[in-house]
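As structure tokens, the structure follows; a few thoughts come after it.
The values are calculated or read from the model by the stated rules, or taken from the named source; none is laboratory data. It should be emphasised that the depicted structure is a prediction, and the values quoted were computed from it without experimental measurement. Methodologically, a virtual Cβ is constructed for each residue, glycine included, from the backbone with ideal geometry; neighbour enumeration extends over all protein chains shown.
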Ligand SMILES: [Zn+2]
């Protein structure tokens, strides 16, 4: 009896599995129309934002990062999913024609749009797309022999007023990690960690000094005054690192995450996006400490912002900083902190 029951259970599970697969294949999985004007609203929004990203990089890449970093030429896999990221319907391949044979997929036409000339749609990339059933926001896929950003998108990513996650900035940020920072080693071997973080007043008081200096620096246009402020800033940092050597990890996080945040802010400015600038560093620290809540923000998240701010400061003090921070197999880079430290 027991065996029969188990068999029956397995049989119905299998039947249900086949049914689900059938529904997915014929209802969920459907290749989109081949022309922009016939795409659904979410896909249109996706390609509108992608066009603006690509246009801005095509025309002003040196105002975002360097003239050489052409995000608009990089391959991208865009996966149409639902918000929970488990179910996905179809895939767009953008700028993938140089890596794989895309002719078997559906070409999507964007009449009059010079930035989206290599876009194809498909419901499967064979074994490559099996991993897309994991509920990630993004992942890396290999096309030909290159790693490509595979990014899930869904209607909620395009909602007005939502600053994170937001398709434009999130995709650009992750693409920067993969394409521009391919050979950066700042986060290798746990170098980008501040553990165990010194949660004590001595450190917080030094942080306050630091943040006041950064806030002042961001509002200082005079280079002589700016150098004076940053020299003092380097001294405060040095005293923190002498006391708690593990904090040097923050400079590696600033290099990796701060630059990715920096390009988001540069882009936001160029497209006149009202991306919230938020409070100053010292205001943010004050309210954090007053709240008496979890201070884990100081262990990692804050370095996205301090790293970006140091980028803005270096724009004025050392225009070659982007080359200096860039690592390659033949060039060991310097973090924003190291670049500033070597000045004084
Ligand atoms: Zn990041």
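Residue-by-condition table, conditions (1) crowded, with 18+ Cβ neighbours inside 10 Å; (2) within 18 Å of residue 97 (Cα to Cα); (3) within 15 Å of the ligand (Cβ to nearest atom):
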{"position": "128", "(1), (2), (3)": "no, yes, no"}
{"position": "132", "(1), (2), (3)": "yes, no, no"}
{"position": "145", "(1), (2), (3)": "no, yes, no"}
{"position": "149", "(1), (2), (3)": "yes, yes, yes"}
{"position": "155", "(1), (2), (3)": "no, no, no"}
{"position": "160", "(1), (2), (3)": "no, no, no"}
{"position": "169", "(1), (2), (3)": "yes, no, yes"}
{"position": "172", "(1), (2), (3)": "yes, no, yes"}
{"position": "176", "(1), (2), (3)": "yes, no, yes"}
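Of the listed requirements (1) modelled with pLDDT under 95; (2) away from the ligand (no atom under 16 Å from the Cβ); (3) touching a helix residue (DSSP H, G or I) at 6+ places or on another chain (Cβ under 9 Å); (4) part of a helix (DSSP H, G or I), residue 189 misses just one: (3). Screening segment 281-344 for helices (runs of 4 or more DSSP H) wholly inside it with 1 or more residues that are farther than 22 Å from residue 264 by Cα returns the ranges 281-291, 336-343.
Could you please let me know if residue 241 is touching a helix residue (DSSP H, G or I) at 6+ places or on another chain (Cβ under 9 Å), away from the ligand (no atom under 16 Å from the Cβ) and under 20 Å from residue 342 (Cα atoms)? Answer is yes for this residue. Could you go through segment 246-266 and let me know if any residue there is in contact (Cβ under 8 Å) with a residue 60 or more places away in the chain, in a loop (DSSP other than H, G, I, E, B) and in the same structural domain as residue 227 (by TED's automatic domain parsing). Checking segment 246-266: not a single residue is in contact (Cβ under 8 Å) with a residue 60 or more places away in the chain, in a loop (DSSP other than H, G, I, E, B) and in the same structural domain as residue 227 (by TED's automatic domain parsing). Contact annotation: residue pairs with Cβ atoms under 6 Å, 6 or more positions apart or on different chains, pairing a residue in segment 300-328 that is under 19 Å from residue 63 (Cα atoms) with a partner that is modelled with pLDDT of 95 or more and part of a loop (DSSP other than H, G, I, E, B), are 322/66; 324/334; 325/333; 326/333. Here residue 275 clears all of (1) over 18 Å from the mean Cα position of the chain (by Cα); (2) farther than 27 Å from residue 184 by Cα except the condition numbered (1).
Identify the residue in segment 76-104 that is part of a strand (DSSP E or B) and over 19 Å from residue 36 (Cβ atoms) and, among all such residues, is nearest to the chain's Cα centre (by Cα). Top of the filtered list is 81.
All conditions in (1) modelled with pLDDT of 95 or more; (2) more than 16 Å from the ligand (Cβ to nearest atom); (3) closer than 25 Å to residue 235 by Cβ hold for residue 259, with the sole exception of (2).
Whether a residue is in a loop (DSSP other than H, G, I, E, B), assigned by TED's automatic domain parsing to the domain that holds residue 141 and in contact (Cβ under 8 Å) with a residue 12 or more places away in the chain was assessed, and residue 196 does not pass this test. Somewhere in segment 301-322, is a residue within 16 Å of the ligand (Cβ to nearest atom) and surrounded by fewer than 19 Cβ atoms within 10 Å (Cβ to Cβ)? Scanning segment 301-322 turns up at least one residue that is within 16 Å of the ligand (Cβ to nearest atom) and surrounded by fewer than 19 Cβ atoms within 10 Å (Cβ to Cβ). Taking the criterion of being at pLDDT 95 or above and outside any loop (DSSP other than H, G, I, E, B), would at least one residue in segment 64-71 satisfy it? Scanning segment 64-71 turns up at least one residue that is at pLDDT 95 or above and outside any loop (DSSP other than H, G, I, E, B).
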